[in-house]
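Notes follow once the structure below has been shown.
The values are calculated or read from the model by the stated rules, or taken from the named source; none is laboratory data. Because the structure is a prediction, the values reported are computed rather than measured. Here the Cβ positions follow ideal geometry from the backbone for every residue, glycine too, while neighbour counts run over all protein chains shown. The accessibility values were calculated without ligands, DNA or RNA, using every heavy atom of the protein model including side chains. Shrake-Rupley method; radii C 1.70, N 1.55, O 1.52, S 1.80 Å.
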Amino acid sequence: MDKHDNLIGGAWVGADTYGENRNPSNWDEVIGLYAHGSSADAERAVEAARAAAPGWAAATPQARHDLLEAVGRKLAERSQEIGRLLSREEGKTLAEGIGETMRAAQVFKFFAGEALRVTGDMLASVRPDIDVEVTREPVGVVGLITPWNFPIAIPAWKTAPALAYGNCVVLKPADLTPACAHVIARLLDECGCPPGVFNLVMGRGSVVGETIVTHPGVDALSFTGSVGTGSHIAEVCGRLKRKCQLEMGGKNPMVVLNDADLDVAVSACLNGTFFSTGQRCTASSRLIVEDGIHDAFVERLVAGMRALRVGDALAPETQIGPVVDGKQLDSNLAYVDLAGKEGAEVIGGERLELATNGFFQAPALFLGTDNSMRINREEIFGPCGSIIKVGDFDEALAVANDTEFGLSAGICTTNLKSAREFKRRSQAGMVMVNLPTAGVDFHVPFGGRKSSSYGPREQGRYAAEFYTTVKTAYVFAG
Ligand code: NAD
């Protein structure tokens with residue numbers, strides 16, 4: 001079986017141990033062996049990035065553009081093959097896998113353009129004959145740590161801006177899904193990325209991740225993953241006075257008002273709650289429904305949920321792929337059990353035994369819940385949604401905001417006033433009107449508030465806030 005190595009200082013470097021990357025649609029299938037880097041590998045990667053940093057910071061915008069453009073083009077050209085690999089390692093459907101690969105291609109192409117558009121400001125000083133220039137410079141070496149649920153899009157939306165703005169990178173992908181990050185490393189290498197500018201070190205969070213987070217040679221850290229790991233990283237970065245950006249969990253509300261278009265609301269909730277097996281930080285997990293539409297909405301949603309076809313990620317008829325692994329499935333099933341114990345009426349949610357040895361779970365709806373239950377306070381990260389019945393808009397808004405998270409929030413309504421009010425008063429970083437809470441564009445900021453996010457936004461031109469540092473120069477012409 002092929003062994004996949006780490007990319008350190010422009011060389012493909014083997015490891016003492018390799019991890020098996022398995023297919024959650026059929027756990028008997030090993031996709032490949034991927035290096036489990038050591039702490040020393042991570043240190044060497046940071047040193048290689050430091051050595052390459054002055055050269056890449058001085059590279060022309062054209063050189064940075066050309067590299068990112070070439071990678072974006074290759075990702076798009078090979079989206080079928082890479083999307084298939086993604087679906088095999090993560091379990092989302094083939095259409096979702098190809099879509100995510102195309103998204104990664106778009107992100108690389110967008111930041112190829114941004115490399116040409118780094119701007120600054122020139123102002124007159126308050127003192128005579130002095131000019132003030134505000135310019136953006138690379139931060140230096142950035143550590144990028146990514147989760148398993150978007151194995152190509154998230155590494156892309158961190159790597160592409162990092163390189164566009166002149167930084168060198170050490171990327172550590174999730175140990176469950178290293179293959180897509182490995183593809184990005186291979187493409188960067190094939191497209192002529194100078195040695196050390198981009199380094200990939202796969203392996204354990206507690207070994208490789210921890211070394212990157214604590215290494216004095218890293219200037220800034222961008223992390224996406226759970227609140228627990230993110231909080232730990234924020235503490236270390238605070239102690240070391242290191243810039244950091246964290247994207248973490250969600251418990252995203254979707255409000256359905258009495259005046260909602262039922263077709264729009266049911267379709268938005270089926271998508272937002274269950275697609276990608278609910279394994280999206282922006283998934284709608286709390287469906288907050290006004291009492292006048294409650295019964296009709298629940299009847300339609302349950303029918304729609306029961307019709308969703310769960311199966312092998314690569315089967316053309318599959319709409320919901322497997323859960324990512326056995327540990328996540330056990331956790332989901334424990335929450336289904338808890339929902340019953342907390343007094344909810346549980347529909348679906350059982351483990352499904354299909355033809356292959358995969359982690360299949362029927363989508364679940366919890367009816368008759370209230371917002372104080374643990375199932376409505378903790379992120380489940382599976383194909384599970386709760387219905388919370390409310391009396392009016394004000395109650396819906398209060399329940400939507402009553403959470404430690406603040407990533408995405410949605411409302412289904414045909415009333416412009418309610419939509420406008422929700423947009424203004426929602427405590428989430430992203431608000432959706434008549435659209436699923438999940439599913440975003442690549443050229444605008446992404447991120448949340450409260451425990452969901454910390455630090456500057458990702459994506460779009462707002463990414464410059466994290467990946468550059470500002471210099472203010474005063475010039476007296478004499
Ligand atoms: P996780 O926190 O377990 O792991 C994320 C990454 O951190 C992995 O690469 C892991 O190896 C690494 N890591 C673990 N311990 C570390 C340590 N001590 N030091 C450094 N790195 C360490 O998260 P996960 O289970 O991979 O991902 C699921 C979570 O990600 C969910 O909570 C989900 O909501 C969140 N997520 C958030 C967003 C967002 O943008 N807000 C997007 C996708 C996923």
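Below is a table of values for the structure above.
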{"read-out": "Single residue of segment 217-243 satisfying the filter (over 21 Å from Arg280 (Cα atoms) and part of a loop (DSSP other than H, G, I, E, B)) that is nearest to the ligand (Cβ to nearest atom)", "value": "Val218"}
{"read-out": "Segment 219-236 residues that are without any contact (Cβ under 8 Å) to a residue 60 or more places away in the chain and among the β-branched types (Val, Ile, Thr), paired with ones that are more than 6 Å from the ligand (Cβ to nearest atom) and open to solvent by 10 Å² or more (accessible area, probe 1.4 Å) (beta carbon under 7 Å, 6 or more apart)", "value": "Val236/Thr214"}
{"read-out": "Test: Thr135 is hydroxyl-bearing (Ser, Thr, Tyr), outside any strand (DSSP E or B), surrounded by fewer than 22 Cβ atoms within 10 Å (Cβ to Cβ) and more than 16 Å from the ligand (Cβ to nearest atom)", "value": "no"}
{"read-out": "Flag for Cys269 being under 16 Å from Ser386 (Cβ atoms), open to solvent by less than 30 Å² (accessible area, probe 1.4 Å) and assigned to a helix (DSSP H, G or I)", "value": "yes"}
{"read-out": "Complete set of residues in segment 344-381 that are under 24 Å from Val227 (Cα atoms) and free of Cβ contacts under 8 Å to residues at least 12 places away in the same chain", "value": "Ser372"}
{"read-out": "Exclusive hit being modelled with pLDDT of 95 or more and touching a Phe, Trp or Tyr at 6+ places or on another chain (Cβ under 6 Å), set Ser386, Ser372", "value": "Ser386"}
{"read-out": "Residue within segment 7-14 that is surrounded by 16 or more Cβ atoms within 10 Å (Cβ to Cβ), within 27 Å of Ala438 (Cα to Cα) and not basic (Lys, Arg) present", "value": "no"}
{"read-out": "Selection within segment 208-243 - under 20 Å from Glu465 (Cα atoms), open to solvent by 30 Å² or more (accessible area, probe 1.4 Å) and in contact with a helix residue (DSSP H, G or I) (Cβ under 8 Å, 6 or more places away or on another chain)", "value": "Leu240, Lys243"}
{"read-out": "Residues of segment 173-200 satisfying the condition of being open to solvent by 10 Å² or more (accessible area, probe 1.4 Å), away from the ligand (no atom under 16 Å from the Cβ) and not small (Gly, Ala, Ser)", "value": "Arg186, Asp189, Glu190, Cys191, Cys193, Pro194, Pro195"}
{"read-out": "Qualifying residue in segment 384-396 (condition: among the aliphatic types (A, V, I, L, M), open to solvent by less than 30 Å² (accessible area, probe 1.4 Å) and within 16 Å of the ligand (Cβ to nearest atom))", "value": "no"}
{"read-out": "Residue that is nearest to the chain's Cα centre (by Cα), among those in segment 311-341 that are more than 24 Å from Arg88 (Cα to Cα) and surrounded by 17 or more Cβ atoms within 10 Å (Cβ to Cβ)", "value": "Tyr335"}
{"read-out": "Condition check for Ala40: closer than 30 Å to Gly91 by Cβ and open to solvent by less than 50 Å² (accessible area, probe 1.4 Å)", "value": "no"}
{"read-out": "Answer residue from segment 270-310, given it is among the small types (Gly, Ala, Ser) and more than 17 Å from the chain's Cα centre (by Cα) and is nearest to Gly249 (Cα to Cα) among those", "value": "Gly304"}
{"read-out": "Residue satisfying all of: in segment 146-172; farther than 16 Å from Leu116 by Cβ and assigned to a loop (DSSP other than H, G, I, E, B); farthest from the ligand (Cβ to nearest atom) among these", "value": "Asn167"}
{"read-out": "Residues (surrounded by 18 or more Cβ atoms within 10 Å (Cβ to Cβ) and not β-branched (Val, Ile, Thr)) located in segment 428-449", "value": "Ala428, Gly429, Met430, Met432, Leu435, Pro436, Ala438, Phe442, Phe446, Gly447, Gly448"}
